[in-house]
1. Restricting attention to the stretch B:282-323, which residues are in contact with a strand residue (DSSP E or B) (Cβ under 8 Å, 6 or more places away or on another chain) and open to solvent by 20 Å² or more (accessible area, probe 1.4 Å)?
2. Are any residues in the stretch B:155-171 facing another protein chain (nearest Cβ under 8 Å) and not in a strand (DSSP E or B), and if so, which ones?
3. Of the residues that sit in the stretch A:250-276 and are in contact with a strand residue (DSSP E or B) (Cβ under 7 Å, 6 or more places away or on another chain) and open to solvent by less than 40 Å² (accessible area, probe 1.4 Å), which one is nearest to ligand 2 (Cβ to nearest atom)?
4. Could you list, in sequence order, the residues of the stretch B:139-153 that are open to solvent by 10 Å² or more (accessible area, probe 1.4 Å) and aliphatic (A, V, I, L, M)?
5. Suppose we keep only residues that are under 25 Å from the mean Cα position of the chain (by Cα) and among the charged types (D, E, K, R) within the stretch A:81-112. Which one would you say is farthest from residue B:253 (Cα to Cα)?
6. Which of the numbered conditions does residue A:221 fail, given that it passes all the others? Conditions: (1) more than 19 Å from residue A:246 (Cβ to Cβ); (2) touching a residue at least 12 places away in the same chain (Cβ under 8 Å).
7. When you look at residue B:182, is it in contact with a Pro (Cβ under 7 Å, 6 or more places away or on another chain) and in contact (Cβ under 8 Å) with a residue 24 or more places away in the chain, yes or no?
8. Would you confirm whether or not the stretch A:142-150 contains a residue that is more than 14 Å from every other protein chain (Cβ to nearest Cβ), part of a helix (DSSP H, G or I) and touching an Asp or Glu at 6+ places or on another chain (Cβ under 8 Å)?
2 protein chains.
Amino acid sequence: MSSVPAATADAPAAPRSHVRVELGARGYDIVIGPGLIDAAGEEIARRLPGVRAAIVTDTTVAGLHYERLSIALRAAGIDHVQIVVPPGETTKSFAQLTDVVDQIIGARLERGDVVIALGGGVIGDLAGFASAIVRRGMGFVQMPTTLLAQVDSSVGGKTGINSPRGKNLIGAFHQPALVLSDTALLDTLSPREFAAGYAEIAKMALIDRPDFFAWLDANREAIFTGGPERVESVRQSCIAKAAVVAADEREEGSRALLNLGHTFGHALEAAVGYDAKRLVHGEGVAIGTVLAHRFSAKLGLCLPADAERCEAHFAAVGLPTRISEIPGAPLDVATLMAGIGQDKKVRRGSLTFILTRGIGQAFIASDVAPAGVEAFLTEELTR
Amino acid sequence: MSSVPAATADAPAAPRSHVRVELGARGYDIVIGPGLIDAAGEEIARRLPGVRAAIVTDTTVAGLHYERLSIALRAAGIDHVQIVVPPGETTKSFAQLTDVVDQIIGARLERGDVVIALGGGVIGDLAGFASAIVRRGMGFVQMPTTLLAQVDSSVGGKTGINSPRGKNLIGAFHQPALVLSDTALLDTLSPREFAAGYAEIAKMALIDRPDFFAWLDANREAIFTGGPERVESVRQSCIAKAAVVAADEREEGSRALLNLGHTFGHALEAAVGYDAKRLVHGEGVAIGTVLAHRFSAKLGLCLPADAERCEAHFAAVGLPTRISEIPGAPLDVATLMAGIGQDKKVRRGSLTFILTRGIGQAFIASDVAPAGVEAFLTEELTR
Ligand SMILES: NC(=O)c1ccc[n+]([C@@H]2O[C@H](COP(=O)([O-])OP(=O)(O)OC[C@H]3O[C@@H](n4cnc5c(N)ncnc54)[C@H](O)[C@@H]3O)[C@@H](O)[C@H]2O)c1
Ligand SMILES: NC(=O)c1ccc[n+]([C@@H]2O[C@H](COP(=O)([O-])OP(=O)(O)OC[C@H]3O[C@@H](n4cnc5c(N)ncnc54)[C@H](O)[C@@H]3O)[C@@H](O)[C@H]2O)c1
Ligand SMILES: [Zn+2]
Ligand SMILES: [Zn+2]
């Protein structure tokens, strides 16, 4: 991918897309476009006049993109401090949360001020949670810098950290006041991280947007190279996720659809011990989503052709689709079943899965028999 | 005070009072009465059938009252675990929060299960905050065991911990599903802690309930000895606080009235270094509330007779009303002014105080000149 385009004062303003997340008094805008970081100051100042800010970021993103954001905020008169944490999933801990919270309070930010998350989903989840609990809730702005964060984690208000006993077990629902997604920042992302984020876009389409899935089929190359199609794919994903969130903000029912591919995916991640060298989250989602479609086909819920179309799509963008593609020691069915049993979507004996009746027709199935899953996975392991 | 009456199976059910906190979907009941702890299981099971519970308590309260609660829950079939923390304000820390959260998760409680806070305001604030963030919010039941907690901290949904940089700076708004106030549990409280809690009752009346204040004037002795008047005083305080909270759940305006006496009170607590031997919170509130009335009289906002009536009331129940009553080295005006300046109710130069136009006629004054406060305190220091 190409390097970050330099901001020039006389460059024509790049086209921007807007998505409105409709959550009543907690509703907010998502603004999407290449080069948006240089306009971050004015976008924030216009909506939140007079605020001060704490920018939470990780060392990697800080080195790549912090300076431009700082210049943009300064130009808009937004006084700010920087809070830097290490990159990676282990940063979503009580220790880092304590430290970030202490720095926000130390900067004397008030309830009406904002925490800005500049980074991937780890930063968004950690900084968002910190902003939810300092002074019982202060302002929050998401500036997602990974594709996963732009299409998934920055939308919907889930924030949090991990417990030693499990991922994302501690947190808050805290909606941002604004999301600024600069799609050009994704140019510094590794191709593997980009593809992993793309898996969540395809997943979103496969839940309830068959037309979006057809559009992705036709435009996937342009999304990877960047250009208006990338912006459009982020926009459509945000629209799709925002609709699911608006229908069930606090995950009491239908929001579980967003877990399509994730019960299998989490079991795969757990089985490799969350070793990102072997499998990153989005790759687990890609394989998991294919498994959800193949399992649905096996149960006679959808056509085998739908499962094949799903698999072909992920394979075409270079994502793994079979368990046997995961490098390293082969996995076994007992380990996978243990992972599925520990997933929070289990209820007294029967398993809850997101299954599908076809492309874009996912549904919550809460009565799946473990024995059927086990038989299915045994076949899949050797495919 | 007398010892805890033993629960007997054939004792007639003691009369119970109910207060409904009207917060729409987050509304809940406060049940008040002596001996209520023995009915805790049925009260919870009736409203929240099938829940499991984690009871958070401190070592002091655990020794006095845990066993009875455990028996009551068992009788109602409520499976539960105990989580014990040390007593005292320092327990409201990130370290204790991390530990309590870990134990709740370790007990495999789900979102629909409940955390029960059995203790004073420290336990309610800590356990409530833990319940707000485990799985992004689980059920919560308050069982306040101090007078302060029954009339103040258990009502209104504020939960949280302290930062090394200031009290209550980290937390969440998380309403309980139920509050069970057993007024007989207060019999094991020291007279000093009881009187400190009473200061919050009188404060509540002085905000906007002149009739309640007159009733307190007539019934204060019976409240201290226990009996129906104690239950009634708790009930009226809860009604008064619930009304303020319902009008402004997230403290964006009028809820600040609850800070009557607290800007002066916090400055006094800070000036003695939060040394509870010299001054407990409720004593600071008593002196602070008298100061707020005297300052209002000095500014010509209320009659001197109102300030005298307020002072006489606190003095009659044995609470301090003058700064000079605080034992130890005399305080000085510079220290007090620094404490007032650090209080969160300051805004760019002018100070915000809760002042009054008379008994039960408090209001928010956001333009108080620091010089006037300083002159007033200089006089008060030698009174
Ligand atoms: N809150 C939600 O609803 C939600 C939804 C999905 C996932 N998540 C969470 O998101 C996290 C995963 O997000 P992620 O994949 O973005 O992880 P991440 O934040 O760890 O980012 C991945 C890596 O990319 C680097 N990076 C970020 N932006 C970059 C850029 N522009 N250029 C170069 N490198 C860059 C980071 O430093 C990091 O090393 C997980 O913790 C997951 O639980 C949350
Ligand atoms: N959340 C709110 O809205 C709110 C409002 C006011 C105060 N608070 C908080 O409440 C806390 C103060 O509450 P508190 O005064 O109840 O303090 P506390 O919880 O520390 O209790 C005071 C002492 O009494 C002991 N105790 C409790 N119940 C007892 C009983 N029945 N018999 C004998 N001993 C007993 C405790 O072990 C403790 O040592 C502060 O942290 C304050 O910030 C919160
Ligand atoms: Zn995902
Ligand atoms: Zn108080």
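1. Within the stretch B:282-323, B:299, B:301, B:306 qualify.
2. Answer for the stretch B:155-171, where residues must be facing another protein chain (nearest Cβ under 8 Å) and not in a strand (DSSP E or B): B:164, B:165.
3. Residues of the stretch A:250-276 that are in contact with a strand residue (DSSP E or B) (Cβ under 7 Å, 6 or more places away or on another chain), as a first pass: A:250, A:256-257, A:259-260, A:263.
If we keep only those that are open to solvent by less than 40 Å² (accessible area, probe 1.4 Å) too, we end up with A:256-257, A:259-260, A:263.
Values: A:256: 33, A:257: 37, A:259: 35, A:260: 40, A:263: 38 Å.
For the stretch A:250-276, the residue satisfying everything is A:256.
4. Hit for the stretch B:139-153 is B:148, nothing else.
5. Here is the first cut: in the stretch A:81-112, the residues under 25 Å from the mean Cα position of the chain (by Cα) are A:82-101, A:104.
Filter again for among the charged types (D, E, K, R), leaving A:89, A:92, A:99.
Numbers: A:89: 39, A:92: 34, A:99: 30 Å.
Taking the candidates together, the pick is A:89.
6. Every listed condition holds for residue A:221 apart from (2).
7. It is true that residue B:182 is in contact with a Pro (Cβ under 7 Å, 6 or more places away or on another chain) and in contact (Cβ under 8 Å) with a residue 24 or more places away in the chain.
8. Checked against the condition, which is being more than 14 Å from every other protein chain (Cβ to nearest Cβ), part of a helix (DSSP H, G or I) and touching an Asp or Glu at 6+ places or on another chain (Cβ under 8 Å), the stretch A:142-150 yields at least one hit.
The values are calculated or read from the model by the stated rules, or taken from the named source; none is laboratory data. These numbers were taken from a predicted model, which means no experiment stands behind them. All Cβ positions, even for glycine, are placed from backbone atoms using ideal geometry, and neighbour counts span all protein chains on display. Remember, those area values only see protein heavy atoms, side chains included, never the ligands or the DNA or RNA. Shrake-Rupley method; radii C 1.70, N 1.55, O 1.52, S 1.80 Å.
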